[in-house]
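The values are calculated or read from the model by the stated rules, or taken from the named source; none is laboratory data. What you are looking at is a predicted structure, and each value in this text was computed from that prediction instead of being measured. No Cβ is skipped: glycine too gets one built from the backbone with ideal geometry, and neighbour counts run over all protein chains shown. Ligands, DNA and RNA are stripped out before the accessible areas are found, and what is left, the full protein with its side chains, is counted by its heavy atoms. Shrake-Rupley method; radii C 1.70, N 1.55, O 1.52, S 1.80 Å.
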Amino acid sequence: SLLYLQEPSNKRVRPLARVTSLANLISPVRNGAVRRFGQTIQSFALRSDNKSPSCAQKSCSRSAAPTPPKRRNSVLWSETLDVNMKESLSTKEIKRQEAIYEMSRGEQDLIEDLKLARKAYHDPMLKLSIMSEEELTHIFGDLDSYIPLHEDLLASLGEATKPDGTVEQIGPILVKWLPRLHAYKGYCSNQLAAKALLDQKKQDRRVQDFLQRCLESPFSRKLDLWSFLDIPRSRLVKYPLLLKEILRHTPKDHPDIQILEEAISIIQGVLSDINLKKGESECQYYIDKLEYLDEKQKDPRIEGSKVLLCHGELKNKNGHKLYVFLFQDILVLTRPVTRNERQAYQVYRQPIPVQELLLEDLQDGDVKMGGSFRGAFGNSDKAKNIFRVRFQDPSPGQSHTLQANDVFHKQQWVNCIRSAVAPFQRTAAAAELKELPELSEESEENNPSAPNVKAHKRQSAGVAEMELDENAGECGSILDSEEAKGAKTHRTSFGHRKTREKQLSGKRKETVV
């Protein structure tokens, strides 16, 4: 480079055979960012050569350089226009063109990042045998195959751009292109396993050293490898926002209005399908890592789960760390273990089916239902952010008092469990109501014996309602506000029935009480 040519001729330069830098083993490429990457790594090798004063001087000068920014320098569309052109457009149209330009620039940036991930990370690690081809394929997936996909959109936007830089209609282009984003299903579904493997490989000193050198290089923009691998997912969730921004600045009488609304519907459907597939993959990933100490712990509802509602680390009342999974039909408590440097989860006690699950939201320092939290969580501090889960049937004798890290995570768990339990609560309440007899004032008046015939059934219904109230109290208001409102209506109905029973029979009144 010119930098090296301008240096004094008496500079001591090490022969290539003596250079141990990774950069010398990387094949030359045309991408300027990768060339800078090679030069930067060479500078690391030169800095370590303390025998050369000129090298030491260059090291000092380079270290004083400003840290490269994380974000690219962005240019607004309006900044590319001349004054006359800008004055001829309305403010609304300028904002519309800005939104379209932002989408186009975003595609260009994405393409550059995908190529960079391949040339600066994948190919060097494969050539230097830092990772095997199988491992790299598992981590990077089909990243290369998405470059032509985004290049097609960029080319279409380029063709639709007029000489003055404006785009008249973007809707038809998007409606035709957006369904192709279904191709990301496999990539997004594999992200959890890819991230786990990458984290595991980071324990290797060679991998760690290579990634650190990349992070310190200007091309990385201070982003680590996973940030580049996660760029496609973050781009996907931006599309609805970009389309809504374009639609917001599109005039009502513009032909793009209805087509953009259709495009928004398409991308929302695509993201929904990708999320569903990603959720199923995540669920299966954790199911495969479960280890059972007893055959009785195995439950077909675990293997059949397709949705993982919530998962994370909690502590039990003894202060031991547990990793808890709430699948759509069952709650599983586990202990994290390591098997051959791989994470696994050992099932702890018996999993609790959601339909048999009771939740109790405990107050800070609450010592209800046995056990001393002061002894469990500390000598003087009261336990905070705690809740309890257990079987409805007390015969298994299982009750788990759990502590979250903070009030936010506790509320997340409580809300998630309530949402999972609510459908079964509604089903149980509906079954109770279905068994109740229909009361009719007219039939009672015309048939005096009717109240006596139905007395026992009404009495049973009253007792069942009282039991339901008791359970709801123990669960800490499992139903949400709408369900609670419905439950209140049912209780009011029971109250009217009890009042009529008081009027009809003193004996029945005594039984219900």
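Residue under question is residue 153, and the condition is that it be crowded, with 18+ Cβ neighbours inside 10 Å, in the same structural domain as residue 211 (by the TED database) and out of contact with any strand residue (DSSP E or B) (no Cβ under 7 Å at 6 or more places or on another chain); does it hold? It is true that residue 153 is crowded, with 18+ Cβ neighbours inside 10 Å, in the same structural domain as residue 211 (by the TED database) and out of contact with any strand residue (DSSP E or B) (no Cβ under 7 Å at 6 or more places or on another chain).
Given the criteria open to solvent by 60 Å² or more (accessible area, probe 1.4 Å) and at pLDDT below 95, does residue 91 qualify? Criteria met by residue 91.
Residue 129: part of a helix (DSSP H, G or I) and either open to solvent by 30 Å² or more (accessible area, probe 1.4 Å) or touching an Asp or Glu at 6+ places or on another chain (Cβ under 8 Å) (or both), yes or no? Write out each step before concluding.
On the way: part of a helix (DSSP H, G or I): no; either open to solvent by 30 Å² or more (accessible area, probe 1.4 Å) or touching an Asp or Glu at 6+ places or on another chain (Cβ under 8 Å) (or both): yes.
Criteria not met by residue 129.
Kindly evaluate residue 141 against the criterion of being open to solvent by 10 Å² or more (accessible area, probe 1.4 Å), of a type outside the set (Ser, Thr, Tyr) and within 30 Å of residue 88 (Cα to Cα). Taking the combined requirement at face value, the residue does not satisfy it. Only a single criterion out of (1) more than 25 Å from the chain's Cα centre (by Cα); (2) surrounded by 15 or more Cβ atoms within 10 Å (Cβ to Cβ); (3) within 13 Å of residue 135 (Cβ to Cβ) is not satisfied by residue 206, namely (2).
Looking at 101, 184, 146, just one residue is in a helix (DSSP H, G or I), open to solvent by 50 Å² or more (accessible area, probe 1.4 Å), in the same structural domain as residue 254 (by the TED database) and closer than 27 Å to residue 263 by Cα, and that residue is 101.
Exactly one residue out of 252, 222 is open to solvent by 30 Å² or more (accessible area, probe 1.4 Å), within 24 Å of residue 106 (Cα to Cα) and either in contact with a His (Cβ under 8 Å, 6 or more places away or on another chain) or not in a helix (DSSP H, G or I) (or both): that is 222. For segment 241-255, the condition holds for at least one residue, the condition being that it is under 23 Å from the mean Cα position of the chain (by Cα) and without any contact (Cβ under 8 Å) to a residue 60 or more places away in the chain. The set of residues from segment 157-180 being outside any helix (DSSP H, G or I) and surrounded by 12 or more Cβ atoms within 10 Å (Cβ to Cβ) comprises 161, 165, 166, 167, 169, 170. Considering 221, 233, 213, 180, the condition of being touching a Leu at 6+ places or on another chain (Cβ under 8 Å), among the basic types (Lys, Arg) and touching a residue at least 40 places away in the same chain (Cβ under 8 Å) is satisfied by 213 alone. Note on segment 347-365: residues that are open to solvent by less than 40 Å² (accessible area, probe 1.4 Å) and either farther than 27 Å from residue 192 by Cβ or at pLDDT below 85 (or both) amount to 5. All conditions but one from (1) surrounded by 13 or more Cβ atoms within 10 Å (Cβ to Cβ); (2) at pLDDT below 95; (3) in contact with a helix residue (DSSP H, G or I) (Cβ under 8 Å, 6 or more places away or on another chain) apply to residue 344; the one that does not is (3).
Among the residues making up segment 314-336, those that are open to solvent by 10 Å² or more (accessible area, probe 1.4 Å) and in contact with a Pro (Cβ under 8 Å, 6 or more places away or on another chain) are 321, 323, 329.
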